[in-house]
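A quick write-up on the structure given underneath.
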Amino acid sequence: MTDNKRIALSSDHAAIQLRQTIADYITAKGWEAVDIGPTTPESTHYPKHGAAAAELVASGDCQFGIILCGTGQGIMMAANKVKGVRCGVCSEPLSASMIRQHNNANMLSIGARVVGEELALTIVDAFLIAEFEGGRHGTRVEMIEALEA
Ligand code: RB5
């Protein structure tokens with residue numbers, strides 16, 4: 001457990017509105033939304049936004065990160081290139097719980113063109129409520145970390 005309540009948020013142009021909705025939602029739940037944009041709707045490049053949020057998580061500045069693009073896939077791929085980041089794309093809450101419980105994911109990616117607002121918020125809830133179970137899952141996460149070394 002940690003008292004770091006900061007969550008890094010970023011997206012590309014495809015997910016600006018859903019990102020704002022999620023920022024408001026997690027703020028209302030007592031988290032600090034560290035929203036690093038972008039704020040304007042012009043077409044932009046998801047890798048730089050995913051990497052920027054991932055750096056905030058990898059450095060320990062933020063406990064978690066929530067990132068979004070059209071599908072959630074491209075920005076997830078970019079975030080996972082940052083050492084120490086474990087990010088999964090989720091389109092339903094079960095996977096969002098499981099990536100915390102079994103994979104100790106520290107970032108969640110959502111596709112704004114895939115899931116609607118209500119479903120996205122249930123996914124965010126599931127991710128933030130679940131806790132890593134450790135044990136045999138810890139061994140497997142250590143094996144992922146070894147691949148980064
Ligand atoms: C942008 O058109 C789109 O490619 C992007 O949001 C994302 O879906 C990429 O994975």
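The numbers here are math on the coordinates, done by the rules we state, and not lab data. Here the structure is a predicted model, which means the values were calculated and not measured.
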Practice task
Please list, or write none, the lysines whose alpha carbon is within less than 17 Å of the alpha carbon of LYS81, excluding same-chain residues fewer than 8 places away.
Solution key: LYS48
Handout entry: Extended-chain gain in nm, criterion 0.36 nm per residue less alpha-carbon gap, GLU42 and ALA28
Key = 2.2 nm
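Report the far tail of the P(r) of the range 65-149, meaning the percent of Cα-Cα pairs longer than 22 Å.
Values: 808 of 3570 pairs.
Pairs farther apart than 22 Å: 23 percent.
Write down the Å³ per residue value for the convex hull defined by the alpha carbon atoms of the range 1-131.
Working: hull volume 11.0 nm³, N = 131.
Spread over its residues, the Cα hull of the range 1-131 gives 84 Å³ apiece.
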Problem - Gaussian network model of the chain, springs between alpha carbon atoms under 10 Å - residue of LEU68, LEU94, LEU128 with greatest fluctuation - result: LEU94
Problem - C-alpha center-to-center spacing [the range 24-63, the range 104-136] in angstrom - result: 15 Å
